[in-house]
Each structure stands twice: as structure tokens, then as C-alpha cells.
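What follows is one structure encoded as C-alpha cells, with my remarks underneath.
What follows is calculated from the coordinates using simple rules that are stated; it is not laboratory data. Note that the coordinates shown come from a computational prediction; the quantities given were computed from them, not determined experimentally. Don't worry about glycine lacking a Cβ; one is built from the backbone with ideal geometry, like all the others, and counts go over all protein chains shown.
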Amino acid sequence: MKRIEILKTYKIYIGGAFPRTESGRYYQPLANKKPLGNICLSSRKDVRNAVVAARGAQTGWAEKSAYNRSQILYRIAEILEGRRSQFQSELELQGITKVTAEKEIDASIDRLIYYAGWCDKYTQVFGSINPVASSHFNFSTYEPTGVVGIIASEESSLLGLISMIAPVIAGGNTCVVLASESKPLCAVTFSEVLATSDVPGGVVNILTGNTKELLEHFASHMDVNAVVYCRNNKDEINQLRLLAVDNLKRITIKDNVNWDDEKVENPYEILNFMEVKTTWHPIESISAAGSGY
Amino acid sequence: MAKKKAKEIELDLSSNWDYAPSMESTGHIQLKKKYDLFIGGKFVKPKSGVYFDTINPATEEVLAQVAEANEADVDAAVKAARKAYDTVWSKLSGKERGKYIYRIARLIQERAREFSVIESLDGGKTIRESRDIDIPLAAAHFFYYAGWADKLDYAFPNRNPQSIGVAGQITPWNFPMLMIAWKIAPALATGNTVVLKPAETTSLTALKLAELFQDAGLPDGVVNIVTGYGQTGSHIVNHPDVDKIAFTGSTGVGKLIMKSIANTNKKSTMELGGKAANIIMEDAPLDQAVEGVINGIFFNQGHVCCAGSRLFIQESVYDIVMRKLKDRMQALVVGNPLDKNTDIGAINSKKQLDTIKKYIKIGKEEGAEIYQPNCTLPKKGYWIPPTLFTNVAQSSTIVKEEIFGPVLAIQTFRTVDEVISKANNTPYGLSAGVWSDKGSKVFNLTSQMRAGVVWGNTYNKFDPTSPFGGYKESGHGREGGLQGLEAYLKFNA
């Protein structure tokens, strides 16, 4: 008798745990007219829970040494390499060819390695010691913006996803990700990779669901510091920009990006989610440089 | 015994230490009675036909009349800027652009005294400040950015930086000339042209600068100056042919601007409000710290977005710091901005005076304890004595909201963790100050402050090479330094 196959329950990823959505609802994205699975339709409450988890993890993540963050990103790549076959079958199930899927997985792993290498280098390349005219030591460096919302690429469900998560967390931010709505499988499986890669719980949180329902909650949440939007819908872009004003979220729009292009790999993607901090201190004697303290 | 004796002697510097007036001369100042708009390299009459008075806030006397630009005027200015961008400025090499900007810097240095005096007359700030800080820094800013014009590829490796087009810029009244320099210098260095609206209460140095641009031979239309109120600014913001908005002002107005450009692809830089923490640890050099607190909140009448308006004193040194602070406040000279002895000049406008008075009233109503030194204020003009409040809480209105005046709210703390959490508990994140003689403690605190500019054992220091700008609701983008170039560039990597 033929063995009965065990079907996978796709869940969301919040604070290092895999809850089902608070909404209790699901949807069935189709590929070749067949449902890919029962995927969680995350709710506003899930977004809020994920932001709480991301905020809780942010200070600890930012305070890790750059060397440590670098090793953890490298570790994600290692684990991903070890699970390539699972991603291969999911990518194919979502409708691309075997060869294309292989290429996407290769590029995804390499992209993680690329940003792993930047963790302990971008402050050296882009930080500055500023030659002020008064007798002060003055330097500028980069600090993470905080909690970043990622509306991940709709089409490039693995490479597009990783291309944004990697630079965001490389700089010490934590994130809440909304996965591709029509191709969510890789995102859910990627969260299983994250959970086994020494990435502290809460640093990356991944939700699946309906963009129309959830975008406004990413855009208007007062404890989200930045949102990057990787799709092409003009109305959604306008809505995001408008709602983001209330707490002056930093908004990055990545429309019409070719994620296969190696040019999308660059350190400026890290800096997009950083704040410049400039520190002054007198040289020689406290409150040096004349009478004006 | 000694302690008791010290208590009996109270410093009374204001009564015994009257300085003889030392007035800056105004004889060499040339002001026209009426100023038109500066569009396409010429002064042109406003299509609106409307002029408004600009007054000296220290005397309430009218200094000149200034044109109010309407939508048609702004449109003419944007067209002039676009034409200059397309036909001249974007075609010029970085090297040649830089030379024009160097010229501007030199001319400001040559006319520094005239600009300083007008700045003090029109804005109420002390002549010592406009002479020693605002105008020299404005010239330095042009000088610094002039040199970047032909070196942009080195600032953004592998990024192919390109100018954006026409930049709309709206500047505040607290550092009129300096903020204009912060806006115009990087915009020109990166190859953009400009439509600038200075604040309505302080337009004169902007208009003098327009005369200087003519003298510098700056090509027509590269910088256009349209004076007016918020309405004029909104015409710039909403003009479809403006590619970038740079704004310095309140967080409230900044948000309105962000909302109006949300459905466009206009880039923006926002330098908005602040409510900075200035923290005195028990191991701080207290005399210097007190001097830093005074400079942090009373510099420029407290009209400073990065003012250290929330003071946190570690409990163990609270009494001694308060005594020193009050003594020092008693010695501050409030009065005529043109007197070189003056420490605190006039409040910039009647409107701002009312705002500050409103907050002082709220402070009292909410149960805070007020202290103001004895000082005689001039009968005419707008004045607020240096003011501090104790017995306030994190939830007090005067602790939460930006007052933009010489009003300090003082709280205490016991531990480092406590003060970090109190200091960061604000939607603002522009600046912060930390005072301690212990290096490791200073670096711990400066790195924990969620703010764009942090001063350790100093306060309110500015330099063209030093990037300035905020975290969170204090805005986005940086002005100054290499980082200040980015907001005026697009990248085609």
C-alpha cells in the first residue's frame, strides 16, 4: 500500500517561534492552477506582535560585535546551502524551471556571503573623522535606524527576499517581513533556516498574507522606523508614503528591480537603513577652544 | 562653619557689575526701503503686488518692506531655476561651479560685518553671536562645499553621482544666513539650481546675499529668492517642476510638507524639531558643565532646534549644580542685541514671544517651580529672561514639547540606565549632551543616545565638515560634511 505523505503546515515566524496567524484564516495561492498550500493570512495583530518582537531584539542585535553579526550572516548561508533541495522543490512548485531555481539559490547564498563580509567594514569605508576648525575630536559613524518593515519582492520570492533582509540586519536593524503573496513557500522555509542559524529570535520576523490588508499597518505603526517596499504598485507606494509621515519613517522604494543583477549588491543598501551619528569631544582640555563652551 | 558663611554671601553680579554699553555701529549698513523678489538674477516686482514689513524685534521698528511672492511669482522663480539648470549650471564642469562658490565664500568674508549687523537687527540675536558664529560659519560652509564640486566621485565610490535639478529650499528664522548657507552651498556644489524662501521675519540677509550673488557673477537663475510666509513655501513644495525639497523648521510643518509630496517622487531633507537631553554625571567638571548648560539652552535665546532643553542632573550633585547654575544665570546680560556685552538678545517675533509665554504659563499651571534671575528688560521689543523649571516630570508638557526659547526643564536621576531611558524617551532625536570626566562613561552615554549629533563635554558646536541632522521625528538627511552632499544627488550605479 502506498505510504500516506505528511503535508507541511506553513506557519509564520515571530520572535523566533512559529505561531499560526492570530486571524485563524488562510489563503491558497495557486501555481499551475493547483494550490501551493494553506498559507497564513496574517492580521494586524500579527504585525503588531512581530514589531514588539523586533523591537525587543533590536538593542541586543545592534550591540553584538560586527564580527559576530558577520559570522551569523555567514551561518545563514551555510544552513541555506545545506537545505538547497527543499528550496529547489519549492521554487519549482511555484512555477520556475529547475535551472532557474538552481541559479536563484546560488545567488541567494552568495548574496548572504556578500553582506556577511560587509558587517565589519561599512563603518570603516563610510564613517568619517571630520576636520572641524575648533579644537575638538569629531567623528561620524552609522547606527541602525531600528525596526525595519520589508514588503518583499512579489516575483523574486527567495533572492528578492534575501537581498533586502541581508543588508537590513547586517547594519544591526531588526525587521518584520511581508513575504511574496503569490509565492510564499520559500519565505516560510527560509524562516526555518533562520531559526537554526544562530540568529536571535525577533531579529527577523516573517509574515505571510494579503498586502492590501497589511500594508497600512506596516506604514502607520508608530514603532516601525523604516519601511522598504519592493513592488511596483503606485497606489500602494503613495499610501505607504502618506501613512509613514506620522512618525517620519524612512521609506525606501525598490520598484522594478532586477534582483539577479549583481549591481543590486552594494553597501549603500546597508546605509539606506542607517542613521549618521556625529560625536564631538574637546581635545586637550575639557571645553577647549576658547570661551565658548 | 565655612559652609554657613558661604550661604550668607550671595552673588549679585547684575547690580554691581554693570558694563558700560558697547554698541556696534550701524552707520555702514545699507538697507533699501523696499525689497523685491530675486528671480533670474534680477530684482523683480512681485506679481502679487504685496509687500510686508520686516521689523527689528528689539525695538519693534520697521527696517524695510519685503515682497510677498504668490503662486505666479514662485512659478517664475522655478522657471528661471529650470532654465539656468538646463542651459548653464548642469553644463558647467565641477571645477568651474566650485570657483563660483569660492567667490561667494570670499565675498561673504569681505562683507562679514555688514551681514552680522543686519542679522542682529532683523532677527534679534546678539552681535557677538552673529559676528563670531553665524556669519563666519556661513562663509566657511560655502568655502567647504566649493571644494567638493569637482570631487563628488570620491565621495560616493562606484555610484556615479548626478545632480537632481531644481531644489526648493525653505529656511528658518533662528539662524537665517547660516541655514541659507547650509542649504545653498551643497545644492550648488552638486550642480543643482535653487529656489529659496527665507523665513518671513528674517528675509534681509537673504536679500543682501542676492545682491552678493550678482556681484559674484553667479549665472542668472542659479539661485532665486522668493520671500513670503508659509503660503509662499507651500507653492514651492507643490510646484510640479521642483525635484527636491529641503526644509528646516518645526516637526509639524515638516510633516505637512511630507504629506503634500507623498504622491510625488520629490526627494526631501527635513531638519525638524528637537528636545535634547543634556546630562550631567556626578563626576563631571561642574563649572564647565554649567557653562555648557548655559550655552546649551540660552545660546541664541534658545531658538535652536538642538538646544539642550532637558537638563538631567545626577542626584548627588544636584544642589551644587543648581547653585552654580542660578549664580551663572544672574550674571547673564539680557538686552540690546547690538551691545557687545549682551548674552541674550531679543525674541525673534511677537508670535514666538507668545508661544514661549504660553509654555511658561503651562509649566506653572502643571505645578513646576520657576526660577528667573532679576534682570531689567527693555520696555520695547520682545524679551524673555533666562528661565528654568524644576519639579517637572517626564510627562510635563514643558519636558515633552519643543519651546524654542530660553526655557530649561530640569530633572534628576540616580543611575546611568535611568538617564539613558529618560533621555531617549522622546519622539525627537536631534542632539544630546553628556558631561563626565570619565572617558568610558562618556562613550557609553554618547553611543546610547538616539540622536544625530552628540556632544561630549561640550555643547552647541557646529562646523561645515560635521554632519548635522536627526533621528526619528527630528527629520531625515544630513547637512554638513561629506554626508551632506547625498541629499542633493541621484545615483546611477
Enter the Cα centre distance for the pair region A:146-206 and region B:417-461, rounded to the nearest angstrom.
32
Translational diffusion coefficient of region B:157-212 at 10 °C, 1.306 mPa s, Stokes-Einstein with Kirkwood Rh over Cα pairs, in µm²/s as a whole number.
132
Any lysines with Cα under 19 Å of the B:Lys324 Cα? List them, leaving off those in the same chain fewer than 8 positions away.
B:Lys3, B:Lys4, B:Lys5, B:Lys7
Quick one: which of A:Lys263/B:Lys244; B:Lys357/B:Lys438; A:Lys121/B:Lys91; B:Lys33/B:Lys183; A:Lys277/B:Lys267; A:Lys45/A:Lys103 span more than 29 angstrom between C-alpha atoms?
B:Lys357/B:Lys438; A:Lys121/B:Lys91; A:Lys45/A:Lys103
Which of B:Lys99/B:Lys275; B:Lys125/B:Lys208; A:Lys64/B:Lys259; B:Lys422/B:Lys472; B:Lys326/B:Lys400 exceed 27 Å between C-alpha atoms? The answer is B:Lys99/B:Lys275; A:Lys64/B:Lys259
Mean ellipticity per residue at 222 nm, deg cm²/dmol - from DSSP H runs of n ≥ 4 across chain B, formula -39500 (n - 2.57)
-11000 deg cm²/dmol
Could you let me know the centre-to-centre spacing of region B:67-140 and region A:19-75, using Cα atoms, in angstrom?
50
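Could you give the DSSP H helices of chain A that reach 27 angstrom or more along their long axis (alpha carbon positions) and whose average Kyte-Doolittle hydropathy is no lower than -1.0? All intermediate terms of the calculation are to be shown ahead of the outcome.
Details: long enough: A:44-63 (29 Å, -0.61); A:98-118 (31 Å, -0.23).
Helices meeting the criterion: A:44-63, A:98-118.
In deg cm²/dmol and to the nearest 500, what is the mean residue ellipticity at 222 nm of chain A if only DSSP H runs of at least 4 residues count, each as -39500 (n - 2.57), divided by the residue total? Show your work: numbers first, answer last.
Values: 10 runs with 121 residues, N = 293.
Computed ellipticity for chain A at 222 nm equals -13000 deg cm²/dmol.
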When the Karplus curve 6.51 cos²θ - 1.76 cosθ + 1.60 is applied with θ = phi - 60°, which whole-Hz ³J(HN,Hα) does each residue of region B:357-368 get, with x for Gly and Pro?
4, 4, 5, 5, 5, 4, x, 5, 4, 7, x, 6
If you wrap a convex hull around the alpha carbons of region A:26-282, what volume per residue comes out, as a whole number of Å³?
128
Amide H of A:Asn210: which non-local residues (sequence gap of 5 or more, or other chain) have their own amide H closer than 5 Å, using H built in the peptide plane?
A:Ser42
Kirkwood Rh (inverse of mean 1/r, distinct Cα pairs), the protein assembly as shown, angstrom
27.9
DSSP bridge pairs, the protein assembly as shown: antiparallel proportion in percent, nearest 5
40
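Go through region A:27-82 and name the trypsin sites (Lys or Arg not before Pro) that are in a DSSP coil and have 10 or fewer other Cβ atoms within 10 Å of their Cβ. Provide the component values of the computation, followed by the final result.
On the way: sites: A:Lys33, A:Arg44, A:Lys45, A:Arg48, A:Arg55, A:Lys64, A:Arg69, A:Arg75; in loops: A:Lys33, A:Lys64.
Here the trypsin sites (Lys or Arg not before Pro) that fit, given the DSSP loop and packing criteria, are A:Lys33.
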Mean Cα-pair separation over length for chain B, i.e. relative contact order, pairs under 8 Å, 6 or more apart, %
18
